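Only one structure is covered here, and it is reproduced in the block below.
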Amino acid sequence: NIFADIAASRKPFQAMENCNLHKDGRIMVLETSGVPILGPKGELLGYRGVDRDVTARKHADKLISESAQRLALLFQQTPLAVIEWDLNFRVVDWNPAAEKIFGYSKAEALGRHAAELIFPEKAQANVELIWDGLLAEQGGYRSTNENITRDGRTIFCEWYNTRQVNSDGQLIGVASLAQDVTVQKMAAERASYLAYYDDL
């Protein structure tokens, strides 16, 4: 029993959480702090304490934790590449789908600039315009770009970009979702070609 251990130590305690049954049947979580009351011979007479109801906070913490777990699961299992960038366009986070689409492991991608990772040199100017627009909040949220994989293949990805701000409203980076649309793009180009040219 934790209370017995505290009593045996005869020491003050702080912020100990414990569950209690309210008279209406609800379970309450109390945060208890106390100091020992000692008799003239040093014997323990009891504790003087303060209880604070933290039930609502614990419930909110549980909801936040569950939400974070769901987001983490989505981050790991979505077929979309999820990439977080800092303000210098360097990788802060890189999910398994990004590994599959671009060929770089998370360890290889972290800290690297997009230019040295997944964008061909001929696309740099366009990508810089999109990035500058994002940071200046002037658009560039959705785009289709030519990308390069780790093994040198050219692919086309559709990107959805979102500015990230902290609790003070300060811009701290950009979050991107990317989807490989190479097959769809090639099929659309083939259909367009066939509409205007005879194979013969």
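The values are calculated or read from the model by the stated rules, or taken from the named source; none is laboratory data. Nothing here was measured: the structure is a model prediction, and the numbers come from that model. Positions of Cβ are backbone-derived with ideal geometry, glycine not excepted, and every protein chain shown enters the neighbour counts. Keep in mind that these areas ignore ligands, DNA and RNA; they rest on the heavy atoms of the full protein, side chains included. Shrake-Rupley method; radii C 1.70, N 1.55, O 1.52, S 1.80 Å.
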Within segment 142-200, take every residue that is closer than 21 Å to residue 100 by Cβ, part of a helix (DSSP H, G or I) and polar (S, T, N, Q) and give me the one that is modelled with the lowest pLDDT. 184
Quick one: in segment 11-42, which of the residues that are within 31 Å of the chain's Cα centre (by Cα) and among the charged types (D, E, K, R) is surrounded by the most Cβ atoms within 10 Å (Cβ to Cβ)? 31
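Please verify whether segment 60-82 includes one or more residues that are surrounded by 13 or more Cβ atoms within 10 Å (Cβ to Cβ) and among the charged types (D, E, K, R).
So the first thing to find is which residues in segment 60-82 are surrounded by 13 or more Cβ atoms within 10 Å (Cβ to Cβ), and the list is 75, 78, 80-82.
Filter again for among the charged types (D, E, K, R), leaving none.
The answer is no; no qualifying residue exists.
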If the requirement is being surrounded by fewer than 17 Cβ atoms within 10 Å (Cβ to Cβ), acidic (Asp, Glu) and in contact with a strand residue (DSSP E or B) (Cβ under 6 Å, 6 or more places away or on another chain), which of these qualifies: 86, 151? 86
For segment 43-57, what are the residues that are open to solvent by less than 50 Å² (accessible area, probe 1.4 Å) and in contact (Cβ under 8 Å) with a residue 24 or more places away in the chain? 54, 55
Search result, residues across segment 97-125 that are open to solvent by 30 Å² or more (accessible area, probe 1.4 Å), more than 22 Å from residue 171 (Cα to Cα) and either assigned to a helix (DSSP H, G or I) or not polar (S, T, N, Q) (or both): 99, 100, 103, 106, 107, 108, 116, 121, 122, 124, 125
Within segment 161-176, considering residues that are under 16 Å from residue 91 (Cα atoms) and out of contact with any Asp or Glu (no Cβ under 9 Å at 6 or more places or on another chain), the one least open to solvent (accessible area, probe 1.4 Å): 161
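Answer yes or no as to whether residue 16 is in contact with a helix residue (DSSP H, G or I) (Cβ under 6 Å, 6 or more places away or on another chain), assigned to a strand (DSSP E or B) and without any contact (Cβ under 8 Å) to a residue 40 or more places away in the chain. Steps first, answer last, please.
Numbers: in contact with a helix residue (DSSP H, G or I) (Cβ under 6 Å, 6 or more places away or on another chain): no; assigned to a strand (DSSP E or B): yes; without any contact (Cβ under 8 Å) to a residue 40 or more places away in the chain: yes.
For residue 16, the condition - in contact with a helix residue (DSSP H, G or I) (Cβ under 6 Å, 6 or more places away or on another chain), assigned to a strand (DSSP E or B) and without any contact (Cβ under 8 Å) to a residue 40 or more places away in the chain - is not met.
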For segment 69-81, indicate whether the set of residues that are among the hydroxyl-bearing types (Ser, Thr, Tyr), at pLDDT 85 or above and part of a loop (DSSP other than H, G, I, E, B) is non-empty. yes
